[in-house]
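The values are calculated or read from the model by the stated rules, or taken from the named source; none is laboratory data. Please read these numbers as outputs of a predicted model, since none were measured by experiment. Methodologically, a virtual Cβ is constructed for each residue, glycine included, from the backbone with ideal geometry; neighbour enumeration extends over all protein chains shown. What goes into the accessible areas is simple: the full protein's heavy atoms, side chains included, and nothing from ligands, DNA or RNA. Shrake-Rupley method; radii C 1.70, N 1.55, O 1.52, S 1.80 Å.
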Amino acid sequence: MNRAEQLERLRAHSGPWDLLVIGGGATGVGCALDAAARGFQVALIEQHDFGKGTSSRSTKLVHGGVRYLEQGNVALVMEALKERGILRENAPHLVGDLAFVVPNYEWWESPFYGVGLRLYDLLAGKYGFGASKNLSKEETLQRLPTLKQDGLRGGVVYYDGQFDDSRLLIHLAMTATEQGAAMVNYCSAQGLLKTADGMVRGALVRDEETGNGFEIEARVVINATGCFSDGVRRMADESVAPMVAPSQGIHLVFDASFLKGDSAIMVPHTSDGRVMFAIPWHGHTLVGTTDTAISQVSLEPVPMDQEIQFILETSALYLDKPPSRTDILSSWAGIRPLVKAAGGGSTASLSRDHSIHIDPSGLLTIAGGKWTTYRHMAEDCVDQAIVLAGLDDRPCVTRRLRIHGYHHYASKFGHLQVYGSDAIPIQEMARNHPDRGVQLHPDLPYLESEVIWAARWEMARTVEDILARRTRALLLNARAALAMAPRVAELLAGELGLDPAWQTAQVAAFTAVAKRYLPE
Ligand SMILES: Cc1cc2nc3c(=O)[nH]c(=O)nc-3n(C[C@H](O)[C@H](O)[C@H](O)COP(=O)(O)OP(=O)(O)OC[C@H]3O[C@@H](n4cnc5c(N)ncnc54)[C@H](O)[C@@H]3O)c2cc1C
């Protein structure tokens, strides 16, 4: 993915595109990939970097959602379990199995959760990841040696999927370009173009790197801007009623000593009636999340003090060594683009189903859903777009479409597993140029060759792109990421042909963002 080439394709295209997608998160990139794979001419623009929004800030679970089963949403769970299986088939280098243990401290919990999780297994059918089973106290502690032992009776283990969200997104974007889509980051929709009779026919776009504006025409425009959806809808019609109820969720990251072993903890009922996870991720412990209704959306939301406190207090109920504020290596927030319920209610009770909405202007908005179901959401959305734009009725082909980097034995690449088959040229680069094999920070495994690779092939444009989304340094250890920033800026400047002043500005910009990941 080369930005200059992709941008030129956008600008030089003659006549309207079949589809223009606004928004480069899981939903938008999923739609672009689906439509390009059906043979349509597709353009996608993202105002910041791919995944800057919610899609790099998830709990990293590819799951059916045990909680939705409890809410009685069996259809959503079945759909998500099927998509979980499909995703593991198509991107085995990025989606793995993970054992989750529900610890039991009351006599009724083992039979209660045991039965519920058996139903979860059943709903997965042939897409199952492994059978759940009840565990004795000893078996539970074998899996979770750092679990609080006081009053522990046993546990129930079940299996779900885990992934690296922004890495999957980058590989989806690469797959979409391979299928012919034109995908550009740092390009925002500033307004919508309309025909004389008021129908949306494209967007007025700004290249955020140069400030240049231009127009993109399309037969149908898909608004996949997550929690920003209503803002884009208002570009077509100021008077539309909002459809998104944004809700913030946060995560705290600690070192691996807090959760020893290879299993995750699933707490089915926190004091606020939600579920909470503590999961091993990239050699660290990731704990989350919360569900806090918010009124303002932002690209860089900040964890609230009471959310941090809530996660620390809940962790202390289950972990032998309770984490404190000073143990936090990174804390970050994401915003769920939940679709409003007709009668109001809390955001925790709002459906995680996706919603497709067509405004009278013909603007098609897709919002809600889950990362896990992005493929199915895209299929639904493109089916609708075909009807709306009068395009040829071509069937969806993503069910069996392998994602860029597809590799069955990628675990042999160590931390480079997330690149799948691209790990081979990255390793070669490190071998052929010894400097490129240098680790950027002693506490994180990332190599200089990964920076070069991201700049050349993954459309990384800034220090933040590299440290937050191509590698996950910022989300794992914000202080280490800060220390890595100057060298990353230097390497990136070398690749992009930029000067020392650019490097200084990049380090300053990254420092301002990274400070938000370190609670005071
Ligand atoms: C805390 C939390 C935990 C979660 N955990 C999980 C999980 O474990 N598993 C799971 O399956 N799901 C999970 N989800 C849900 C999942 O992350 C989201 O459903 C999904 O990422 C939403 O993707 P999106 O593309 O719709 O939105 P986004 O990722 O936010 O993408 C929208 C994009 O649109 C861009 N944009 C906005 N306006 C414009 C414009 N004018 N021009 C161009 N671009 C624009 C934004 O910059 C943004 O990148 C979680 C969500 C949260 C908040």
**Report entry** Unique residue being open to solvent by 10 Å² or more (accessible area, probe 1.4 Å), closer than 30 Å to residue 41 by Cα and modelled with pLDDT of 95 or more when the list is 305, 393
**Finding:** 393
Requested in this report: For residues that are surrounded by 19 or more Cβ atoms within 10 Å (Cβ to Cβ) and farther than 14 Å from residue 315 by Cα, tally how many sit in the stretch 261-279.
Outcome: 1
Requested in this report: Residues that are over 22 Å from the mean Cα position of the chain (by Cα): find the helices (runs of 4 or more DSSP H) completely inside the stretch 417-502 holding 3 or more of those.
Outcome: 423-432, 448-457, 478-496
Query - The lone exception for residue 59 - which of (1) at pLDDT 95 or above; (2) over 24 Å from residue 222 (Cβ atoms); (3) more than 12 Å from the ligand (Cβ to nearest atom) it fails - result: (3)
Query - Residue check for residue 11: of a type outside the set (A, V, I, L, M) and open to solvent by less than 20 Å² (accessible area, probe 1.4 Å) - result: no
**Report entry** Residue identified as closer than 30 Å to residue 20 by Cα and among the aliphatic types (A, V, I, L, M) among 423, 430, 468
**Finding:** 468
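Let's see how each residue does on (1) in a helix (DSSP H, G or I); (2) buried (at least 20 other Cβ atoms within 10 Å of the Cβ); (3) modelled with pLDDT under 90; (4) in contact with a helix residue (DSSP H, G or I) (Cβ under 6 Å, 6 or more places away or on another chain):
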{"residue": "43", "(1), (2), (3), (4)": "no, yes, no, yes"}
{"residue": "47", "(1), (2), (3), (4)": "no, yes, no, no"}
{"residue": "50", "(1), (2), (3), (4)": "no, yes, no, yes"}
{"residue": "69", "(1), (2), (3), (4)": "yes, no, yes, yes"}
{"residue": "98", "(1), (2), (3), (4)": "no, yes, no, no"}
{"residue": "102", "(1), (2), (3), (4)": "no, yes, no, yes"}
{"residue": "116", "(1), (2), (3), (4)": "yes, no, yes, no"}
**Report entry** Single condition residue 258 does not satisfy, out of (1) touching a Pro at 6+ places or on another chain (Cβ under 8 Å); (2) within 16 Å of the ligand (Cβ to nearest atom); (3) open to solvent by less than 30 Å² (accessible area, probe 1.4 Å)
**Finding:** (2)
Query raised in the report: List, please: which pairs have Cβ atoms under 6 Å, are six or more places apart or on different chains, and start with a residue in the stretch 445-465 that is closer than 9 Å to residue 1 by Cα and end with one that is at pLDDT below 95?
Result: 459/1
Requested in this report: Using the structure shown, decide if residue 83 is within 11 Å of the ligand (Cβ to nearest atom) and open to solvent by less than 10 Å² (accessible area, probe 1.4 Å).
Outcome: yes
Requested in this report: Within the stretch 5-26, track down each residue that is in contact (Cβ under 8 Å) with a residue 24 or more places away in the chain and not in a helix (DSSP H, G or I).
Outcome: 13, 15, 16, 17, 18, 19, 20, 21, 22, 23, 24, 25
Query raised in the report: Quick check, is residue 449 touching an Asp or Glu at 6+ places or on another chain (Cβ under 9 Å) and at pLDDT 95 or above?
Result: yes
Report summary line: Of the residues in the stretch 18-27, those that are crowded, with 24+ Cβ neighbours inside 10 Å and under 13 Å from residue 385 (Cα atoms) come to 19, 20, 21
Query raised in the report: Which of the residues that make up the stretch 482-510 are buried (at least 21 other Cβ atoms within 10 Å of the Cβ) and touching a strand residue (DSSP E or B) at 6+ places or on another chain (Cβ under 8 Å)?
Result: 484, 488
Query raised in the report: Of all residues in the stretch 231-251, which are within 12 Å of the ligand (Cβ to nearest atom) and in a strand (DSSP E or B)?
Result: 244, 246, 247, 248, 249, 250, 251
